[in-house]
Each structure stands twice: as C-alpha cells, then as structure tokens.
Amino acid sequence: MRIIVKERDNVEEHVCVIDKEAHHGCWMPARQVPSPNCDARPANEVSLLLIHAISLPPGQFGGSAIEALFTNQLNPDEHPFFAEVAHLRVSAHFLIRRDGQCIQFVDAGQRAWHAGRSRWWDPGRRAWRTALNDFSVGIELEGDDKTPFAKAQYRALVDATQWLMARYPQLTSSRITSHAKVAPLRKTDPGPAFDWAYFYQRLVGQSS
C-alpha cells in the first residue's frame, strides 16, 4: 500500500492506496476497499492483533454502513445513530461479514485507526504500551455483544490470523486480544458472544 496526497476543495487529504502488485500487507482473498483513514507505522512493527466487533446501526447486520464509515462516506441522515458517528475518522485493517466475506481497508503494513485510547501489557517488553495503532492489526467482526458469531466468520478470522502470523513473525498466538481488554472503560467488543476457546482451537488445529 502506498500513501498519496490528494487535494479536495483546496484541502490536502492523505489516501492509502492498496498496491495489489506489491501486496506486501495485502491479503489476496479479501475484497479491497481502500480507506483514507490510515498512515505509516512509525517503526514498521506488527506484533499485536486486536479483535473488534461492529454493527451499524447497532444490532443490525448487512448493508453498506460499515464500509461507508471506514471510507468517510456515511450519510448522517440515513439513521439517527449515523449522525453520532459519521464525523469519526476510523478504520480497521479487515472486516469479516456474517457470511465470512472479508474486506480489507488498510494494508497490514500500514497503521489503521482502530484502537483509540487504549493500553496493553507487552509480555516481551515487560511494560505497558499505548499508541497501539502503531504496531497492531485491527480485525472487525460484524456482530454485537449478544449474537453468536457465525462459523463462517471464525473460519475467515482463523485464515486471516494465520496469514498475518506467517507474514509478521512478531505476531504470535499469545499476542492476540480484544478491544475490550485494551480499553475496558470504553469498549466491550467483541463481547461475550465471541467464543475464544473455539477460535483458538481452530487456530491451533489448522496450524498443526
């Protein structure tokens, strides 16, 4: 992915462009929808995976609202909740739909804007770390705290995770956590509906 600068209405806008020919951090099975909400990682470190969950509007699945949010095209007039979030400039590296379809918004080698105010205990450094976007990959699952995630989503998540671990050796199975654990006062996702035991069982089973 390359970062280019475009000018719109006399305002410079940084846009992440996924370069399929280079595909250093481009997962080829995913549909590519470049988000402008990204920039360069300061140290080229990729060593943490954050699992999120999202539904727009809350509790409703399907539709184009999540893609619109991550590409700054969400119409605030389409739903009362959209008016609350349309101004946000956020993204994730990947979104996994209920049917297992994966969409990539940001090259994994670039910094997506997904973690927000958060901190994580890095066992390798034996220290708390903030600015998690600098070195983490964010995967959003379409879902909420109450609805069980689909088996197709777990399959896609495991496939994406295995690709990431092969691509970035610093990222191991012990360096996977939830948005809720790094921002416990703000976030709950992916919530109790996410089956961590099943995810790790599939991750280890497919790796062996």
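The values are calculated or read from the model by the stated rules, or taken from the named source; none is laboratory data. The structure presented is a predicted model; accordingly, all values stated were derived computationally and were not measured. When we count neighbours, we look across all protein chains shown, and the Cβ atoms used for this are built from the backbone with ideal geometry, even at glycine.
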> Would the range 62-69 turn up any residue that is surrounded by 12 or more Cβ atoms within 10 Å (Cβ to Cβ), in a strand (DSSP E or B), at pLDDT 95 or above and of a type outside the set (Ser, Thr, Tyr)?
Replying inline: no
> In this structure, is ASP144 over 24 Å from PRO42 (Cα atoms), in contact (Cβ under 8 Å) with a residue 12 or more places away in the chain and charged (D, E, K, R)?
Replying inline: yes
> Within the set of pairs 6+ apart or on separate chains, which have a first residue in the range 26-55 that is of a type in the set (Lys, Arg), a second that is surrounded by fewer than 21 Cβ atoms within 10 Å (Cβ to Cβ), and C-beta atoms under 8 Å apart?
Replying inline: ARG31/GLN101; ARG31/CYS102; ARG31/ILE103; ARG41/GLY109; ARG41/ASP134
> Residues of the range 66-81 being among the charged types (D, E, K, R) and within 20 Å of HIS114 (Cα to Cα), which ones?
Replying inline: GLU67
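Do we have GLY100 as part of a loop (DSSP other than H, G, I, E, B) and out of contact with any strand residue (DSSP E or B) (no Cβ under 8 Å at 6 or more places or on another chain) here? Working first, answer last.
Details: part of a loop (DSSP other than H, G, I, E, B): yes; out of contact with any strand residue (DSSP E or B) (no Cβ under 8 Å at 6 or more places or on another chain): yes.
Here the answer is yes, as GLY100 does meet what is asked.
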>> Could you go through the range 145-164 and let me know if any residue there is in a loop (DSSP other than H, G, I, E, B), more than 24 Å from GLN32 (Cβ to Cβ), at pLDDT below 95 and in contact with a Gly (Cβ under 7 Å, 6 or more places away or on another chain).
In response: yes
> Across the range 123-144, what is the total count of residues that are assigned to a strand (DSSP E or B) and hydroxyl-bearing (Ser, Thr, Tyr)?
Replying inline: 1
>> Just to be sure I understand the filter: pairs with C-beta atoms under 6 Å, separated by 6 or more residues or on different chains, first member in the range 80-108 and within 15 Å of ALA53 (Cβ to Cβ) and of a type in the set (Ser, Thr, Tyr), second member modelled with pLDDT under 95 and assigned to a loop (DSSP other than H, G, I, E, B). Which pairs pass?
In response: none
> Pairs under 7 Å by beta carbon, first residue of a type in the set (A, V, I, L, M) in the range 178-195, partner modelled with pLDDT of 95 or more and not in a loop (DSSP other than H, G, I, E, B), six or more apart or different chains?
Replying inline: VAL182/LEU50; VAL182/TRP120; VAL182/LEU132
